[in-house]
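Here's the structure, in structure tokens; my notes come after.
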Amino acid sequence: MKTYEIVIKPITGFGTPLKGDTIFGHFCWQIAYDEKLAGKTLDDLLLNYQTKPFAVFSSAYPRFRVGESCYYALKRPDLPANMVFNLPADKKQNVEMRKDLKAKRWMILQKDKKISSFKELKYRTDEKLFEEDIKAYLSDKTGRDIKRAVSKTFIAAFSQSHNKINRLTSTTSAEGFAPFTVDQWIFYPETELAIFVGIDDAFMNIQHAKEGLERIGKCGFGKDASTGLGRFEVLETDEIDLKKMGSDSPDACYTISPCVPERNTFSDMYFTPFTRFGRHGDIFAKSSNPFKNPVIMADEGGIFKPKDADVFNKPYMGSAIIRISKTEPKSVAQGYSLYIPVEVEV
């Protein structure tokens, strides 16, 4: 399996977060409607999915340039604070520092640089992403340029109000037509997002993945795509080796998409669990039972220490998720994740 980076640029807001398992589901729908997209039917691609996935998508991460350098903003690893930051020995200072560090949820990684130690990396909040780096780069510019540059936030979340109208009375009412809100995420106009994808050349290639994402970007991704949300452009693709971004002597996997870790494979696991209440899309969204069985997943940014070093011989970890739908028994979900091999300091 080869790994690639696909860079996209959001055009509109999003009603659904760009997580790896959801991107995989959208891509499968593209293949289901056009067998020529990957040269194989979806059934053929999923034939050995439980043991050999044809593609593994990561979640989308901000990608920025500061001068000539390219950076990724990855989710801060789900490790105890003392394993990520250099905390003071004084108890009072330690507690105060932990409070400030909670907001620093982004781990900054320069492209072509290694994660030699989590404690040596820079961490940022949404509002101060790259503030120090941009200030240093613009140190010879005017103060106005610096202020404008560091005031950028790459994403903002808000709730959009909607009304369901009773077409018989032309009003809203409490009988299923009351006002409601929908969460949305909008990106700064210059924001680029990086999606990493692992592809098995025996099934498809990067051009198939690129074309599939281009179609998704035109039609819209996720919730309220029919009203204009979820639009994006595909800017570029490039082969990338995630191993070169990690440690030379790894002892753990840093995941970059939600996953369901294999049983009896890891000695220590640090992750944030969440329940995926899946729902069918497209034609099955209007079926008698559009809901999938809930799945408990480990969110991206998890740290998994394997019992056996053989885990590092393949670029992904996790397992396939099957038997999740009564409406479509053949439905599967991506429980796999690409990862960056890292060394965790105790």
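The values are calculated or read from the model by the stated rules, or taken from the named source; none is laboratory data. A quick note: this is a predicted structure, and the numbers were derived from the prediction, not measured. Note: ideal-geometry Cβ built from the backbone for every residue, glycine included; neighbour counts use all protein chains shown. In case anyone asks, the SASA skips ligands and DNA or RNA and just uses the protein heavy atoms, side chains included. Shrake-Rupley method; radii C 1.70, N 1.55, O 1.52, S 1.80 Å.
For the range 88-116, residues that are outside any helix (DSSP H, G or I) and either in contact (Cβ under 8 Å) with a residue 12 or more places away in the chain or under 28 Å from residue 244 (Cα atoms) (or both) total 14. Tallying residues that are outside any strand (DSSP E or B) and within 16 Å of the chain's Cα centre (by Cα) within the range 225-243 yields 2. One residue alone among 200, 224 is touching a Ser or Thr at 6+ places or on another chain (Cβ under 9 Å) and in contact (Cβ under 8 Å) with a residue 12 or more places away in the chain, and that residue is 224. Considering only residues in the range 7-50 that are among the hydroxyl-bearing types (Ser, Thr, Tyr) and in contact (Cβ under 8 Å) with a residue 40 or more places away in the chain, the one that is surrounded by the most Cβ atoms within 10 Å (Cβ to Cβ) turns out to be 22. Restricting to the range 257-298, name every residue that is in contact (Cβ under 8 Å) with a residue 60 or more places away in the chain and either touching a Cys at 6+ places or on another chain (Cβ under 7 Å) or in a helix (DSSP H, G or I) (or both). Scanning the range 257-298 gives 282, 297.
Taking the numbered list (1) more than 28 Å from residue 64 (Cα to Cα); (2) out of contact with any helix residue (DSSP H, G or I) (no Cβ under 8 Å at 6 or more places or on another chain); (3) open to solvent by 20 Å² or more (accessible area, probe 1.4 Å) in turn, residue 281 passes all entries but (2).
All conditions in (1) of a type outside the set (D, E, K, R); (2) open to solvent by 30 Å² or more (accessible area, probe 1.4 Å); (3) modelled with pLDDT of 95 or more hold for residue 339, with the sole exception of (2). Evaluated against (1) of a type in the set (Gly, Ala, Ser); (2) farther than 16 Å from residue 259 by Cα; (3) part of a loop (DSSP other than H, G, I, E, B), residue 301 falls short on exactly one condition, (2).
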